[in-house]
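This is the structure I have questions about; it appears just below.
The values are calculated or read from the model by the stated rules, or taken from the named source; none is laboratory data. Keep in mind the model is a prediction, meaning the values are calculated, not measured. No Cβ is skipped: glycine too gets one built from the backbone with ideal geometry, and neighbour counts run over all protein chains shown. Each accessible area value is taken on the protein alone, full model and side chains, heavy atoms only, with ligands, DNA and RNA left out. Shrake-Rupley method; radii C 1.70, N 1.55, O 1.52, S 1.80 Å.
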Amino acid sequence: MRPAWSYRLNADFEDHAEHEYAILVTEHPEWEDEPFVSQFTADYGEYASLADVFRQIGHDERVHKRESEAQLGRPRFH
Ligand SMILES: [Fe+2]
């Protein structure tokens, strides 16, 4: 088994997700004026608009990608 392949594949999935969220936001300009109201605000945070929520989710995917890429260079056992 090559764990690096798994981390690389996961990083690629995260990268794809980030770009899909970015496209989604551009396809819905009306979300810029749509307030984000949710019972999960305490968990997910407050955002000025629904567009900001999806931008944040896209950013989270980038962080996940970087975490996977960081694992690529690490030894398998510590
Ligand atoms: Fe993710």
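Hey, can you tell me all the residues within segment 33-51 that are open to solvent by 50 Å² or more (accessible area, probe 1.4 Å) and in a helix (DSSP H, G or I)?
Of everything in segment 33-51, those that are open to solvent by 50 Å² or more (accessible area, probe 1.4 Å) and in a helix (DSSP H, G or I) turn out to be ASP33, ALA42, ASP43, TYR44.
If I filter segment 1-55 down to residues being within 23 Å of GLN71 (Cα to Cα) and polar (S, T, N, Q), which single residue comes out as nearest to the ligand (Cβ to nearest atom)?
Applying the first criterion (within 23 Å of GLN71 (Cα to Cα)) to segment 1-55 yields 1-19.
Imposing the further condition that a residue be polar (S, T, N, Q) reduces the set to 6, 10.
Values: SER6: 14, ASN10: 8 Å.
Checking each candidate, the answer is ASN10.
On to the next question. What's the number of the only condition in (1) within 28 Å of MET1 (Cα to Cα); (2) exposed (fewer than 13 other Cβ atoms within 10 Å of the Cβ); (3) modelled with pLDDT of 95 or more that HIS78 fails to meet?
With respect to (1) within 28 Å of MET1 (Cα to Cα); (2) exposed (fewer than 13 other Cβ atoms within 10 Å of the Cβ); (3) modelled with pLDDT of 95 or more, HIS78 is out only on (3).
Which is of a type in the set (Asp, Glu) and open to solvent by 50 Å² or more (accessible area, probe 1.4 Å), of GLU30, GLU14? Outline the logic, then answer.
Details: GLU14 fails: open to solvent by 50 Å² or more (accessible area, probe 1.4 Å).
Matching residue, one of GLU30, GLU14: GLU30.
If SER68 satisfies all but one of (1) in a helix (DSSP H, G or I); (2) among the hydroxyl-bearing types (Ser, Thr, Tyr); (3) surrounded by fewer than 15 Cβ atoms within 10 Å (Cβ to Cβ), what's the number of the condition it fails?
(3)
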